[in-house]
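Peer 1: This structure is in structure tokens; I'll ask about it shortly.
The values are calculated or read from the model by the stated rules, or taken from the named source; none is laboratory data. Values in this document were obtained by computation on a predicted structure and should not be read as measured data. Note: ideal-geometry Cβ built from the backbone for every residue, glycine included; neighbour counts use all protein chains shown. Only protein heavy atoms, including side chains, enter the accessible area calculation; ligands, DNA and RNA are left aside. Shrake-Rupley method; radii C 1.70, N 1.55, O 1.52, S 1.80 Å.
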Amino acid sequence: MKISNGMEDKLLKPYDPKTTEERIYKLWEESGFFNPDNLPGDRKNPFTIIMPPVNANGSLHAGHGLVMTIEDIMVRYKRMQGFKTLWLPGLDHAGFETQVVYEKKLEKEGRTRFEMDPKELYKEILDFTLVNSKNIKSQIRKMGASCDWSREKFTLDENVVKAVYQTFKRMYEDGLVYRGNRIISWCSKHQTSFSDLEITDEERTDSFYYLKYGPFTIATSRPETKFGDKYVVMHPDDKRYQNYTDGQKIKLEWINGPIEATVIKDKMIDMEFGTGVMTITPWHDTADFEIAERHKLDKEQIIDENGKLLPIAGEFAGQHIKKARPSIIEKLQKKGLVVKIDENYKHVVRTCYKCGTVIEPQIKSQWFVKMKPLAEKALEKINNGEINYIPEHYKKITTYWLDNIMDWNISRQIVWGISIPAKICIECKHGMVDLENNISKCTKCGGRIIQDSDTFDTWFSSGQWPFITLGYPDNNDFKTFYPTDVMETGGDIIFFWVARMIMLGFYITGEIPFKTVYLHGMVLDAKSQKMSKSKGNVIDPLILTEQFGTDAFRMGVVVGNTVGTSLALSPDKIRGYKNFANKIWNAARFVLDNTKDYTIPENPKYDEEDAKSNKELKELMKEITKEMDEYKFYLVAEKLYHYFWHTFADIIIERSKKKILKNKNADSAKALLFTHLITLLKVLHPFIPFVTEEIWSMMPGKNKNLLMIEKWPS
RNA sequence: GCGCGGUUAGCUCAGUUGGUAGAGCAACCCGUUUACACCGGGAAGGUCAGGGGUUCGAGUCCCUUACCGCGCACCA
């Protein structure tokens, strides 16, 4: 056995990822083994991971680097273990997220979407995502991802849209989707409604105004919404107000003149807070809306969709609420209606998670998903332990959310997304699902109808991703690979995506879409700070792989990083693993050089210490296989690093030098070197696929497989 | 307000069912020997956030306090 010609020269230089990685990836891709249908042997048991579709609105960031690494480790491990392994890649149009990115681009160019033809805008964004997609796919390849490109999906693919429509229709018929005229969260900058998850609570210090409202003093932080307030609410048990009765009319002087107010008694009022009395603005406050619903009160819009005051505000009509407040207060003061102002009022304000604009609740007619029935089924499955959560505490977080779930507004007033296949009656606001486009008048009142111009919340479609990508219901892939094995994604989208996939997946297919949920933490910068463009501390994973090699990046991102905790990404750490790749390279050189003219027997005879080392390695294999099955990659990677360097290189190789030189127990030493190298290359492969595959290609032996399909030693 | 994490060496973090505290990086000393200076050998470094409890024994289990991070919430 000899080192094949030409390879010896290469081994004499340090390991060079740059000249290796692209070539090796091509070798893998051309082998066809990324596709489970092409894998050799009789593989009965499937192993499936659906890749979280990557947002096609930018390029790969550090978080993606972690995703690709962890999922590739799982997939390569299972492939080597003989599973029929599918890792299905995808790209996400990412609705609102992408539109926000594109709007920023427009802004820079001095344009705005509000002056564009929606079709034109859609086409521009589509082109934008197509360009990004191409780039992203090449970046995923650079990470070494062994996913099946032949099954790649995009969230706007025709059959995806079709499947989403089917789901929408089915839910409508089952009464799980309804058109509701309800209070929703509205961002006046982005001009769209949101679900509760797109809202960020922000703590602020504002002024708190105590105003004279007839015989009462009411307190508010938003005087600009108070123009139409004609109901004054207090707790039925509040002794201070026991002389006032429910429904009692009171004439009083208000901002723009005399009004007649009605007393309402409601237990929701907190007697301890403020003065224990408040007026309500049902159109622009969720709690007030509920009170109004409960008592069947009038609701009146005060603020329009741009955040400007409507004619009800009288002289202030047309002014933006932000600007109007001081002059409203001034007027109130002149009228003697301001009792006092507390300037250090700390409270929580709901804001748009993208732009920080204060959310203005509005009453609008939208599509909602009735969540309770869906959540109950999901809860049952989760509580039965049918889904394995890693880390486990995410289970509690999920069930808490499911226990307190609210109906989901899935209408978005943006163009970039899947349009909602429905007709809306302009007279009675009735909504009708219409996939075939054959409804011409309102089915309820016979009135005129229009096409719903809204698009779906992007999570409504991606919530169906696992079964759609596999071709539910008839495709063989669905029958073979569903339910999938692992859903690996970020803990930050546990409600947005994971919980909804469980609910929608179970609703449509009758099965939970995945058996294990593996949630990684945030990737932070070297100082453990959140990466952000404004801070300028964003680390591009591709720069690190360029500098130190993909293998080094992968090791650096895995070793010692317990699941779910955030990860500080430091170039120093990555550099350390570049050295590791080189160490492996040189150790391989030594082994190959010293076993050139040696043929390893089937059952090598070891001397005492070598036999002990051989046994130790076998024990290590057992240990790490168990840990791989427990998803403790952070431990396995560290152990392998340590064993390779400080046992194999420092002890076994050093020891072998004496034996081989003095030709004393040389055969034992050579056999041990050889078998150790082979075993270690195999188990290191899922972590550092490039350098191990490259060395493997230089190993002697005829009809050799690619390392990626070699059998995992256990 | 409620909930969930975290606090271990200078830094970043491991520590499986309780049994003499571990790694990487950094710093320190020495060293060119069949691979590798992207290296080898050696030494140093910790009241495991504070307090209390259970136990023969606690970094690990229980209670409590503080601080950091995150999530959820209709207190006007």
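Peer 1: Given contacts defined as C-alpha pairs under 8 Å and at least six residues apart, what's the relative contact order of segment A:645-714, whole-number percent?
Peer 2: 23
Peer 1: Among all lysine pairs in segment A:353-476 that are eight or more places apart or on different chains, how many have alpha carbons less than 14 angstrom apart?
Peer 2: 7
Peer 1: In segment A:42-139, how many lysine pairs have Cα atoms under 25 Å apart, counting only pairs 8 or more places apart or on different chains?
Peer 2: Within segment A:42-139, the lysine pair count is 18.
Peer 1: Sum -39500 (n - 2.57) across every DSSP H segment of at least 4 residues in chain A, then divide by the residue count to get the 222 nm mean residue ellipticity, nearest 500.
Peer 2: -12000 deg cm²/dmol
Peer 1: For the pair A:ASN256/A:SER327, report the inter-label distance in nm, with labels modelled 7 Å from Cα in the Cβ direction.
Peer 2: Placing both labels 7 Å along Cα→Cβ, they lie 1.3 nm apart.
Peer 1: Rounded to the nearest 20 debye, what is the charge dipole size of chain A about its Cα centre when +1 sits on each Lys and Arg Cβ and -1 on each Asp and Glu Cβ?
Peer 2: That gives a dipole near 820 debye.
Peer 1: Report, to the nearest whole %, how much of the accessible area of chain A belongs to carbon and sulfur atoms, 1.4 Å probe, protein only.
Peer 2: Of all accessible area on chain A, carbon and sulfur atoms account for 49 percent.
Peer 1: With +1 on each Lys and Arg Cβ and -1 on each Asp and Glu Cβ, and nothing else charged, work out how big the dipole of segment A:287-373 is about its Cα centre, in Debye to the nearest 20.
Peer 2: 200
Peer 1: Now, a different point. Could you please report the charge total around A:VAL75, scoring K, R as +1 and D, E as -1 over all other residues with beta-carbon less than 11 angstrom from its beta-carbon?
Peer 2: Once positives and negatives cancel, what remains is -2.
Peer 1: So if we plug the beta-carbon distance of A:ALA526 and A:HIS347 into 1/(1 + (r/R0)^6) with R0 = 25 Å, what FRET efficiency do we get, rounded to 0.05?
Peer 2: Plugging the Cβ-Cβ distance into 1/(1 + (r/R0)^6) gives 0.10.
Peer 1: Another one. Distance between Cα centroids, segment A:117-171 to segment A:498-570: provide it in whole Å.
Peer 2: The distance from the Cα centre of segment A:117-171 to that of segment A:498-570 comes to 21 Å.
Peer 1: Could you tell me which residue out of A:GLN99, A:LEU11, A:THR69 lies farthest along the dipole of segment A:1-116 toward its positive end? Charges go on the beta carbon: Lys and Arg +1, Asp and Glu -1, centred on the Cα centre.
Peer 2: A:LEU11
Peer 1: Net charge around A:PRO14, counting only other residues with Cβ within less than 11 Å of its Cβ (Lys, Arg = +1; Asp, Glu = -1)?
Peer 2: +4
Peer 1: Which residues among segment A:163-192 fall inside the zone where the amide N is under 20 Å from a point 7 Å beyond the Cα of A:SER221, along Cα→Cβ?
Peer 2: A:184-189
Peer 1: Averaged across orientations, what area in nm² does the convex hull of the alpha carbons in segment A:513-576 project?
Peer 2: 5.5
Peer 1: Relative contact order for chain A: what percent, with Cα pairs under 8 Å and sequence separation of 6 or more?
Peer 2: 17
Peer 1: Tell me which lysines have Cα within less than 17 Å of A:LYS659's Cα, excluding those fewer than 8 residues away on the same chain?
Peer 2: Partners within reach: A:LYS596, A:LYS605, A:LYS612, A:LYS670.
Peer 1: Suppose a student asked you for the relative contact order of segment A:456-605, using Cα pairs under 8 Å spaced at least 6 residues apart; what percent would you report?
Peer 2: The value is 19 percent.
Peer 1: Hand me the trypsin sites (Lys or Arg not before Pro) from segment A:588-637 located in a DSSP loop with no more than 13 other Cβ atoms within 10 Å, in residue order please.
Peer 2: Here the trypsin sites (Lys or Arg not before Pro) that fit, given the DSSP loop and packing criteria, are A:LYS596, A:LYS605.
Peer 1: Give me the 1.4 Å probe accessible area per residue for chain A, excluding ligands and nucleic acids, in Å².
Peer 2: Dividing the accessible area of chain A by its residue count gives 45 Å².
Peer 1: Which FRET efficiency, nearest 0.05, do A:LYS711 and A:ASP540 yield, Cβ-Cβ r, R0 45 Å?
Peer 2: Step by step, r from the Cβ atoms, then E = 0.80.
Peer 1: Quick one: putting +1 on the C-beta of Lys and Arg, -1 on the C-beta of Asp and Glu, what dipole do you get for segment A:582-705 around its Cα centre, in Debye to the nearest 20?
Peer 2: 380
Peer 1: Along segment A:441-449, what does the Karplus equation 6.51 cos²θ - 1.76 cosθ + 1.60 (θ = phi - 60°) give for ³J(HN,Hα), rounded to whole Hz, x for Gly and Pro?
Peer 2: 8, 4, 6, 9, 10, x, x, 6, 10
Peer 1: If you average 1/r over all unlike Cα pairs in chain A and invert the result, what Kirkwood radius do you get in angstrom?
Peer 2: 29.5
Peer 1: Picking from A:VAL232, A:PRO326, A:HIS295, whose Cα lies most toward the positive end of the charge dipole for segment A:227-360 (charges on Cβ: Lys, Arg +1; Asp, Glu -1)?
Peer 2: A:PRO326
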